[in-house]
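The values are calculated or read from the model by the stated rules, or taken from the named source; none is laboratory data. Given the structure is predicted, the values throughout are model-derived calculations rather than measurements. No Cβ is skipped: glycine too gets one built from the backbone with ideal geometry, and neighbour counts run over all protein chains shown. Please note that ligands, DNA and RNA were not included when accessible areas were found on the heavy atoms of the full protein model with its side chains. Shrake-Rupley method; radii C 1.70, N 1.55, O 1.52, S 1.80 Å.
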Amino acid sequence: MAERDYDIVLFGATGFTGGLTAEYLARHAPARLRWALAGRNRKKLEAVRDRLAGIDPRLEVMDLLVADSSDAEALAGIAARTKVVATTIGPYLEHGEPLVAACAGSGTDYVDLTGEPEFVDRMWLAHHETAVASGARLVHACGFDSIPHDLGVYYTVQQLPTSGPVTVRGVVRTNGTASGGTFHSALGAFSRVKHMRSAHAERRRVEGRPEGRSSRAVAGTPHRDSVLGYWLLPLPTIDPTVVARSGAALASYGPEFRYSHYAGTRTLRYAAGGLAGATALGLAAQVGPLRNLLKSRVPQGEGPGESRRRKTWFTVDFVAEAGGQRLHTRVSGGDPGYGETAKMLGESSLCLAFDTNPPTAGQVTTAVAMGDNLLTRLQKAGMGFEVVG
């Protein structure tokens, strides 16, 4: 890549999670980082810059780039000036494609926080080949969706023999709540189930499968886990699909890889309540007025205060079986929807900007694009990756 003006440009810093990401970079990025903030409202960008200057006075003069998320020409100009673009502007299905297109065309690495399967599949169909040709790495889902699960399985598989079939189940637990942006994206996805399935099917037809190997996400059923002692509820998120795509791309996952994904609760009553709540939300999302009412009750761009975030935690337990062995690993951290997501997006951006990563291009997962480098970065930043038993 020819020398560019910036290492990272961050879109969305005027929002809640974007602001936390900007603050994370201000506190933890190396001094050599050349970065800028981008968005459509200069006054709001100036307010964020003033806040960042209180963390690091050198940022008082950082560049601000004004561009609307729908302005293809302006976005292309910004993408051409930086090595990496990070964006927190969602729902991505509504606002995301022009920036993906700009990065794919400019050979610029791209990271986001999307958990929207339809968006990811449509971006692969529309821009993967362009990114392969330009050398851009398009890495979606660089927050709680889906780094703990994708890198957690990547870490787990490294501890296993992979000469034969490998099966892994991931079990998520947290006392946190979804962010407003995540809630809006989930409602949008629930309301577009047919569109989502259509995009997925079209991608499968075009993409093909790894030769001589198989990797699949397996839909589980509610049950009690005899190893972990939790009641498990299948989670209809993007995470198992991301993990399965890493398994398809990386031979280290073995010749036959299967992954299932759950929420874990201590009692059957909570599991039943979670299932009922998810079903009700899915049904409500089908009705336009009710969907809009729910969105109005959980606004985007807002989140809990620092004291609440300090009390929030998450764990993802993985139970893996391969070669007659069983392994229990765990990924853990603090507030998943905000603080840890900002950390994960920030470290993903820095990893692409500065680290010597595996050679790849096009739309790829975090495990494929950054693997060991991002795993090491997140461990140093305080996220836990450990073998439990």
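Taking a straight Cα-Cα cut-off under 14 Å and skipping sequence neighbours fewer than 8 places away in the same chain, the aspartates and glutamates within cross-link reach of Lys343 are Glu23, Asp112, Asp145, Asp335. Which lysines, on any chain, are close to Lys194 with Cα under 25 Å apart, when same-chain ones fewer than 8 places away are left out? Within reach: Lys295. Simple spin-label estimate for Asp56 and Ser70 gives 3.4 nm between the two label positions (7 Å along the Cα-to-Cβ direction from each Cα).
Note on Glu207 and Lys380: the model spin-label points, each 7 Å out from Cα along the C-beta direction, lie 3.1 nm apart. Distance from the alpha carbon centroid of segment 10-45 to that of segment 80-105 works out to 15 angstrom.
Tell me what the chain gives for mean residue ellipticity at 222 nm when only DSSP H runs of n ≥ 4 count, each as -39,500 (n - 2.57), the sum divided by the residue total, rounded to 500 deg cm²/dmol.
Working: 16 runs with 175 residues, N = 389.
After summing the helix terms and dividing by residue count, I get -13500 deg cm²/dmol.
Put simply, the convex hull of the Cα atoms in segment 1-139 casts, on average, a shadow of 7.7 nm².
Given Cβ point charges of +1 (Lys, Arg) and -1 (Asp, Glu) and nothing else, what value in debye, to the nearest 20, does the dipole of the chain about its Cα centre take? For the chain, the charge dipole is close to 1000 debye.
Over the alpha-carbon set of the chain, divide Rg by the Kirkwood Rh and report the Rg/Rh ratio to two decimals.
Working: Rg = 20.1 Å, Rh = 21.2 Å.
Using only Cα positions, Rg/Rh for the chain is 0.95.
Beta bridges from DSSP with both residues in the chain: antiparallel share about 45 percent, rounded to the nearest 5.
With a 1.4 Å probe and all protein chains left in place, how much of the accessible area of the chain comes from carbon and sulfur atoms, in whole percent?
Carbon and sulfur atoms account for 52 percent of the accessible area of the chain.
Axis angle, to the nearest 10 degrees, between helix 239-249 and the longest C-alpha principal axis of the chain: 90 degrees. Distance between the 7 Å Cα→Cβ label points at Arg197 and Glu256: 2.8 nm. As a calculated quantity, the FRET efficiency between Glu321 and Arg27 at R0 = 51 Å, using C-beta atoms, amounts to about 0.80.
Peptides 316-327, 47-58 ranked from most to least packed by the mean count of surrounding Cβ atoms within 10 Å: 316-327, 47-58. Relative to the longest principal axis of the Cα atoms of the chain, helix 288-297 runs at roughly 70 degrees.
How high is the relative contact order of the chain, in percent, counting Cα pairs under 8 Å that sit 6 or more residues apart?
Working: 782 pairs, mean separation 81.8, N = 389.
Over the chain, the number comes to 21 percent.
Once the Cα atoms are used to define both axes, helix 117-134 deviates from the longest principal axis of the chain by about 60 degrees. If both residues of a DSSP beta bridge must be in segment 207-271, then about 60% of such bridges are antiparallel.
Taking the convex hull of the alpha carbon positions in segment 294-389 and averaging its projected area over all directions gives 9.5 nm².
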